[in-house]
Amino acid sequence: MKMKKLVLIIPFVLLSIVINAQTKTIAHRGFWDTEGSAQNSLKSLRLANDIHCFGSEFDVWITKDGEVMVNHDPTFQNVTLETATYNEVKNLKLSNGEKMPTLKDYLKQGKKLKVQLILEIKTHQNIERQNAAIDATLQLVKKMKLENRITYIAFSLDAVKRLVKEAPKGTEIYYLNGELSPKELKAIGCTGPDYNQSVYKAHPEWIKECHELGLKTNVWTVNKKGDMEFFIKEGVDYITTNKPVVLQKMTGNKIDDKYAK
Ligand code: MG
């Protein structure tokens, strides 16, 4: 290759490495889209760690009698988690045969791994139940000495405000709902937006504006290569995806061959 061509190519290669290094992968509901896994299962958490994701996202609900459970939907196999007792939910089985994990199970597993735990407080039926879910979660995380390993996310503004007030200083807390501007998020004291990709596309200036305000940015749920490339170029800090292998490869992470297909 001629020297002239090399001189032209090298800055682009370096630039792409720098750009890629900035954006981190969060596996949405763990790495579930692979054999033997299931959304929000312990296996999906271990697999997200195996493919070196920065984070693995999961969702929590509190039962009527105060047990925090890991699951996405409010109702699972006709059992509504918020209004059921722990006894009624403890034997519910996920599609991969695992029992529905308690938050305690999830944290115990997470403690053995490196992956950051991205914990979504689901919007509960009323503020009292939601506050109970937040308080029980914070208490358990503290007891298990995992404060530095948890990032909180929530659609409920009340939940975000409570987390900002009650979580240890320095904890990252993101708002999911999409309607608040970077300045409004800054005023609340949270870490930044974790917004749907359509919100950033409607407000292309928000990523830069967040960074200028010292906020970080996360985007969900980005599954197409073209969209991943778009947000990497825009300099978003985290991408939450159902296709973590694709994003990990795109951002220069080495993936074990068994997951790389
Ligand atoms: Mg979630």
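The values are calculated or read from the model by the stated rules, or taken from the named source; none is laboratory data. Just so it is clear, the model here is predicted, and its values are computed rather than measured. For neighbour counting, all protein chains shown are included, and Cβ atoms are generated from backbone atoms with ideal geometry for every residue, glycine included.
Condition check: out of contact with any Cys (no Cβ under 6 Å at 6 or more places or on another chain), of a type outside the set (A, V, I, L, M) and within 16 Å of the ligand (Cβ to nearest atom). Does TYR175 satisfy that?
no
Is it the case, given these coordinates, that GLU147 is surrounded by fewer than 20 Cβ atoms within 10 Å (Cβ to Cβ), of a type in the set (Asp, Glu) and either out of contact with any Ser or Thr (no Cβ under 9 Å at 6 or more places or on another chain) or touching a residue at least 60 places away in the same chain (Cβ under 8 Å) (or both)?
In short, no.
Report, ordered by the first and then the second residue, all pairs with beta carbons closer than 7 Å, sequence separation of six or more or different chains, a first member in region 153-175 that is within 16 Å of LEU140 (Cβ to Cβ), and a second member that is more than 16 Å from the ligand (Cβ to nearest atom).
Close Cβ pairs (under 7 Å, with a partner that is more than 16 Å from the ligand (Cβ to nearest atom)) amount to ARG162/ASN131; GLU166/LEU138; ALA167/LEU138; PRO168/GLU147; THR171/GLU147.
Has region 124-147 got at least one residue that is within 16 Å of the ligand (Cβ to nearest atom) and more than 24 Å from SER44 (Cβ to Cβ)?
The answer is yes; a qualifying residue exists.
Listed here are the residues, each with its yes/no results for (1) buried (at least 22 other Cβ atoms within 10 Å of the Cβ); (2) modelled with pLDDT under 95; (3) assigned to a loop (DSSP other than H, G, I, E, B); (4) within 16 Å of the ligand (Cβ to nearest atom).
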site: ASN20; (1), (2), (3), (4): no, yes, no, no
site: TRP32; (1), (2), (3), (4): yes, no, yes, yes
site: HIS52; (1), (2), (3), (4): no, no, yes, no
site: TRP61; (1), (2), (3), (4): yes, no, no, yes
site: ASP65; (1), (2), (3), (4): no, no, yes, no
site: MET69; (1), (2), (3), (4): yes, no, no, yes
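Looking at THR221, THR191, which is the one that is within 21 Å of GLU57 (Cα to Cα), surrounded by 18 or more Cβ atoms within 10 Å (Cβ to Cβ) and polar (S, T, N, Q)?
Step by step, each of THR221, THR191 is checked, and only THR191 is within 21 Å of GLU57 (Cα to Cα), surrounded by 18 or more Cβ atoms within 10 Å (Cβ to Cβ) and polar (S, T, N, Q).
For region 174-189, which positions are more than 15 Å from LEU119 (Cα to Cα) and of a type outside the set (S, T, N, Q)?
GLY178, GLU179, LEU180, PRO182, LYS183, GLU184, LEU185, LYS186, ALA187, ILE188, GLY189
Just name the residue that is nearest to the chain's Cα centre (by Cα) out of those in region 34-50 that are of a type in the set (Gly, Ala, Ser) and assigned to a loop (DSSP other than H, G, I, E, B).
The selected residue is SER41.
Working carefully through the options GLU98, GLU57, find the one that is surrounded by 16 or more Cβ atoms within 10 Å (Cβ to Cβ), of a type outside the set (A, V, I, L, M) and in contact with a His (Cβ under 9 Å, 6 or more places away or on another chain).
GLU57
Could you list all residues from region 75-95 that are within 24 Å of VAL160 (Cα to Cα), surrounded by 18 or more Cβ atoms within 10 Å (Cβ to Cβ) and either modelled with pLDDT under 95 or of a type outside the set (Asp, Glu) (or both)?
Correct list: LEU81 only.
Name every residue in region 193-227 that is touching a residue at least 40 places away in the same chain (Cβ under 8 Å) and at positive phi, in order of residue number.
First pass over region 193-227, keeping only residues touching a residue at least 40 places away in the same chain (Cβ under 8 Å): 194, 216, 218, 220-221.
Selection gives nothing.
Any residue that is surrounded by fewer than 19 Cβ atoms within 10 Å (Cβ to Cβ), in a helix (DSSP H, G or I) and among the small types (Gly, Ala, Ser) - is there at least one of those in region 229-251?
Checked against the condition, which is being surrounded by fewer than 19 Cβ atoms within 10 Å (Cβ to Cβ), in a helix (DSSP H, G or I) and among the small types (Gly, Ala, Ser), region 229-251 yields no hits at all.
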